[in-house]
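Notes to accompany the following structure.
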């Protein structure tokens, strides 16, 4: 029986193992941590957003520059297939009003338990606390609590994750090993991350407050949503959706009142103010909540007259100090360059070794796109690895 080793027990690695075992190979999954899929479980703590129910073209557009590379894989395993897969593991799924798809229990753990049970039933062996350190000729080498060990296999799937959330297993340490093996890499960058702000002391009372009902824009990207004012800066889904453009240097602008045009705002501001402070006037005539008023005072460059205030309310420049550290990002860009793998995701520099998941050079916003692509690339690499192993038999 042909043998496969999958290195990394996240969603991409487990999906590759599933495909390899289904094809009849003996499969070992080597995981650096004491338990599998730690980042997957963390993602499911606040509701596992598995995928998004939307037309395929719109879904693929979320991957930006990576769309062309990922399209074949996601076309075969997109939102419908991901939902059906989870349902097949006994999880009742539902789509929210935004189209985001979740398990009804809103947790990742039941899905993972069912999946691990399926893999165990197929004979997949999970080896914990096995940190991959490279190769010794044809054998994969691992550091373990009992000392170095090696696993020899006919095919290997690397699913080592990106470079964020190191404590959960994605530390990017594998990059130097692959670079030493002649694999072309794209430098890691944070994705879906918050941004630092040097707030004035007056903002402290608003830390932790969500800012809702705004329109955000950075470069060519725009979106409506919300974000959170944190002690360290700006966090939340609205910021994450524009984080790539912001990371690449585009300034962020906030429309605090997207449902009102500038003329309407100006007209309201020109009402008699009397003895009201500016903050009270903004609250009364525009119904602005305290957190929006605070941001306007923080970044409005001292605007006091109706014209300047209206312009600032419609296009408030958010002054930030750059992305939070990469290890705090939800995901990362960069990794194994697309030119370093063939159409089957096999490394050009090492035959029989395939890559999957976030370690490949792609990025996507939150909202189900990340998990779907990890599952789709894991499935693709697992199937290709199985074909490769079988073709070697045929060639002989």
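Each value in this text was obtained by applying a stated rule to the coordinates, not by laboratory testing. Remember, it's a predicted structure, so these values are computed and weren't measured experimentally. Cβ coordinates were reconstructed from backbone atoms using ideal geometry, including for glycine residues, and neighbour counts include every protein chain displayed.
Numbers for the structure displayed
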item	result
Relative counts (whole %) of C-alpha pair distances in region 122-199, using bins that are 5 Å wide	3, 11, 18, 22, 18, 12, 7, 4, 3, 2, 1, 0
Size descriptor, Kirkwood hydrodynamic radius, that averages inverse alpha-carbon separations across region 195-323, Å	14.9
In degrees, nearest ten, helix 79-88 long axis to first principal axis of the chain (Cα)	60
Pairwise centroid distance, computed over Cα atoms, of region 248-294 with region 296-321, Å	9
Computed [θ] at 222 nm, deg cm²/dmol, the chain (DSSP H ≥ 4; -39,500 (n - 2.57); rounded to nearest 500)	-10000 deg cm²/dmol
Folded to 0 to 90 degrees: helix 369-395 orientation relative to the chain principal axis, Cα	20
Rounded to 5, the percent of DSSP beta bridges in the chain classed as antiparallel	75
Computed over region 342-388, Kirkwood Rh from alpha-carbon pairs, angstrom	11.1
Sorted by Cβ density within 10 Å, fewest first, the residues 7, 293	293, 7
Between helix 290-299 and the chain: long-axis angle, C-alpha atoms, 0 to 90°, nearest 10	90
Spin-label pair residue 301/residue 278, simplified geometry with 7 Å Cα→Cβ offset, distance in nm	1.4
Peptide ranges 325-338, 155-168 listed from the most packed, as the mean C-beta count within 10 angstrom indicates	155-168, 325-338
Relative exposure of 311, 244, judged by other C-beta atoms within 10 Å (fewest first)	311, 244
Evaluated at q = 0.12, 0.13, 0.21 Å⁻¹: base-10 log I(q)/I(0), Debye formula over Cα of region 25-146	-0.61, -0.71, -1.19
The chain - Kirkwood radius from inverse mean 1/r over Cα pairs (Å)	22.8
Ranked list, fewest to most other Cβ atoms within 10 Å of each Cβ, for 97, 26, 243, 176	97, 176, 26, 243
